[in-house]
Each structure stands twice: as structure tokens, then as C-alpha cells.
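First the structure, in the form of C-alpha cells, and then the observations on it.
Throughout, read-outs are computed from the coordinates displayed, never taken from laboratory work. Please read all numbers here as calculations on a predicted model, not as lab measurements. Here the Cβ is made from the backbone with ideal geometry for all residues, glycine too, and neighbour counts use every protein chain on show.
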Ligand code: TGC
Ligand code: FAD
């Protein structure tokens, strides 16, 4: 793979909107990605292996629980710093960002928000340091966009709960130490349980043959009469709103992350277009290629503004779920379109692992589907502006 020459585009001087702390956090993550991720990520993706050697570094840059308070091992940062870290990691690879998103927003966040003090003390510091890795089980084989229909269930057996069912498409599942599992009780109410690797009847078979997110491990969670201690139920929130609340945080991070992937594709295509000559001229001198590049930087700039404003509202506590959906949907679609256009600017070279664009393009096919599909987020906006649900 080519040496990482990335230079971040900032067409509207957005740096002026960032604090010194934001820039410090962003630059540290950027340097780490250049040093540790870029040199190894192509090979990991080609081999379809999660690069476990990145776990310590992810913890060190604050990617595990950026906004979780320091007393529980988190970095205690604000929402814009969290977004910037996700942007930089996804500039390297969406699969690596996935691991950080799941650990932070889908594992640490629910324990922090819905867990007991004992659960917070037991799990959060180890998750923040990367000593422990978690996963999040919401999706089932027959319930993806409609998680409320889930059939995974648990029964009260007096001194423990008995858990049965299966989850599918679970990031980090094959090597996670714990799983946050969403399941229905005997009354059909959804609760979150912390299931630990090693509990009898719990297995995590890996999903193979993915053409997307190859540097992220995906698997199933299978529960066959798993005895879960009662103290592993997170008591502070139940109902579908509990897992959806975690998704708000992760979707927000993806809205920033997708910008990172888009910036990398744009920057690579711009450099290539200025260097590559055809018909005796750099291809950047042709109007058709300039149109592609000019549209890319316009869309990146709009996405940056959307993410920054959403971050400000998240810091104030005023961002709605529907506003988060809009940013996730827009920014991921923006990134996937830019990856496709950038790939064309590189001609045949664009399909090789010499450059990051094809990997980003394939990764974004997952990103546009997980955490709520492109269509589902449109329907969430539709519901928000009309007041009429169009899901069924
Ligand atoms: P609905 O009746 O609308 O809502 C049920 C309850 O939930 C509340 N709620 C929310 N709460 C917090 N945040 C949100 N975003 C919320 N959206 C809804 C709602 O107020 C209600 O509360 P209550 O108290 O009245 O019960 O639910 P519905 O069954 O009609 O479904 C709505 C729909 C389709 C929007 C929702 O289910 C949905 O978002 N579907 C998409 C599923 C999804 O995103 N799955 C993601 C799985 S995790 C994942 O992909 C991780 S990838 C990680 C990585 O690798 O990076
Ligand atoms: P479906 O829900 O079957 O949707 C299929 C198509 O139908 C989509 O185009 C969808 O938009 C459309 N559709 C569905 N309902 C409607 C409707 N009402 N109106 C119009 N169109 C509709 N899940 C987890 O719980 N944890 C994870 O860690 C996790 N990681 C993932 C990692 C990867 C690599 C992938 C690919 C997925 C992951 N997921 C995870 C699952 C992901 O969230 C689901 O794939 C996603 O929510 C969509 O569900 P589905 O695949 O069952 O598609």
C-alpha cells in the first residue's frame, strides 16, 4: 500500500469552530492512525482479520468511552471530541471505527446509563483500557430493521435468568469478553443483560465471506439455556427505547466517521489527479475530473457542518433522535458516493489495494446498512416531519 500522505480538507475553516482541546484530540488520533493503522490495514482487510494489535492504541487515544467520565476510566471528553476521534479512525478504516463505536456507544454507554454502580465499577474501567472487549446484540436473523419483534427471551428461575435465542451480524462477537444482549422477559418487555464469555450454553460463531468491513470481526450470539446471574440485568431502563438510546450515540459517531472515509477518498483522488497524466496533461486539468473533485469537497464541507452543529446540540443535550438520523443517513450516503467517484478518478489503480478507496467503498456498504438502514433513517425523518409512521 502507498505511504499515507493524507492531508485533511477544511474548505470552510472549520478548525476555527474547534477548541484547542478538540484540535489536540483530533491531531493525536490522526497521528496514531497514520502511524499504526495505515501501514497494516490493507493486509488485515485482505486477510479478513481484525488487527487486535490496535486495541491498546485505541484505548490510549481515548476511543473507548471518549465521553464516559474519568472516574469510570473514560476520557471525559465532549461530544465534538468524540466525533473527531471517530472521524479520524474511520479515515483509517470503518471496521476499526466499528470496534471503537461498539465498545463506546453500545457497550460502555448502556452500562453507564442503565447499569448498577457495581456493574459500572466492574466493567467500565476494563472496557476503557481495552483489557475487556464488548459487543452489542440487538439484531436477530428474522428481526433487523424491526428489532421490537425480537424473540430472544429470558425466564426468571428464582436465583438466575435462563436466556434463549440468537443474535446475528454482531460486530466484535467472535472475540468479545462480554455481550450486551437485548431480550424479552416473560411479559414481553425488552431488557439489557450482560452476558459473559464462558457462560455455559453461550457461543459466538464467526460470520465468514464478507466483502465489506473485512478488518472487523462479525459473528452470531447463540444462547442455549444460558444461566445469567440476576445481577447482570441492567435495571435502569427497559423497553425498545433502551437499545435505541444507545444507537443514538453510535449513529452520531458514524455521522462523523463517514466524513473521515470521504476525506481520505477525496484527498487520495485529488493527489492522484494532479500527478497522473493522460493526453500529455494531468487528469486534474480535465473539466470532468474537476467536476467530480469540486462536488466532493462541496459535499464533504456540508457534511462537516452538519456533524459539527449536531455535536454542539449533543453537548447542549438538545439533539433529537431524528436529527441524528438525518446526519447518519446524509453523511454515509455522501461518503459512499464520494468513494465511488474517487475510485473512477484512479481508473484501474482504484480497484487495487495500493490505495484505500476500494476498501472504503466496500466498507461503506455495511455502514449504510448497520445502525439503521438508509431507508429506515429516511422514514424516521418522514415520521418526524409529518407525525405519521410509515414503517408498516
Ligand atoms: P417505536 O414504537 O417508534 O419506538 C419504540 C420506543 O423507542 C423509543 N425510541 C427511541 N428512544 C431513544 N432513541 C431513539 N432513537 C428512539 N427511537 C424510538 C420510542 O419513543 C418508543 O418509546 P416508548 O417509551 O414509547 O416505548 O419503535 P418501532 O418498533 O416502530 O421501530 C422504530 C424504528 C424502525 C425506527 C427502530 O426500530 C429502528 O431504528 N430500527 C433500525 C434498527 C437498527 O438501527 N439496528 C441497529 C442494530 S445495532 C448495529 O447495527 C450496530 S453496528 C455497529 C458497528 O459495527 O459500528
Ligand atoms: P432488513 O431489516 O431485512 O432490511 C432489508 C431491506 O428492507 C433494507 O433495504 C431496509 O431498508 C428495507 N426495509 C426494512 N423495513 C422497511 C420498511 N418498514 N420500509 C421500507 N423499507 C424497509 N446489529 C447488532 O445488533 N449489533 C451489531 O454489532 C451489528 N453489527 C453489524 C455489522 C455488519 C457488518 C452488518 C452488515 C450489520 C450489523 N448489524 C449489527 C446488523 C444491522 O444493524 C442490520 O443489518 C440492519 O439493522 C438491517 O437489518 P437487516 O440486515 O435484517 O435488513
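Odds and ends about this structure:
- Shape of region 1-82, Cα gyration tensor, a/c cut at 1.5: oblate
- Relative exposure of 6, 279, judged by other C-beta atoms within 10 Å (fewest first): 279, 6
- Projected label points at residue 143 and residue 365, each 7 Å from Cα along the beta carbon direction, are separated by 2.8 nanometres.
- Here the label points at residue 321 and residue 391, each 7 Å from Cα along the C-beta direction, are separated by 0.7 nm in the simple model.
- Neighbour counting of Cβ atoms within 10 Å sorts the residues 265, 246, fewest neighbours leading, into 246, 265.
- Residue ranges 59-65, 182-188 sort as 59-65, 182-188 when ordered by packing (mean number of other C-beta atoms within 10 Å per residue, highest first).
- Distance between the pseudo-spin-label points of residue 157 and residue 31 (7 Å out from Cα toward the beta carbon): 5.3 nm.
- Chain lengthening between residue 10 and residue 117 when straightened (0.36 nm per residue, less Cα-Cα): 34.3 nm
- From its DSSP helices (H runs of at least four residues, each -39,500 (n - 2.57)), the chain gives a residue-normalised ellipticity at 222 nm of -15500 deg cm²/dmol.
- Sorted peptide list for 248-258, 134-144, 354-364, criterion being average Cβ within 10 angstrom, highest first: 248-258, 354-364, 134-144
- The order of the peptides 287-294, 193-200 by mean Cβ neighbours within 10 Å, most packed first, is 193-200, 287-294.
- Nearest 10 degrees, 0 to 90: helix 241-275 Cα axis against the chain principal axis: 20 degrees
- Rounded to 5, percent antiparallel among DSSP beta bridges of the chain: 85 percent
- Applying 1/(1 + (r/R0)^6) with R0 = 41 Å to the Cβ-Cβ distance of residue 43 and residue 71 gives a FRET efficiency near 0.60.
- Packing-based exposure ordering (other Cβ within 10 Å, fewest first) of 325, 104: 325, 104
- Global geometry of region 216-319, whether rounded, prolate or oblate, following the gyration tensor of its Cα atoms and the 1.5 cut on a/c: oblate
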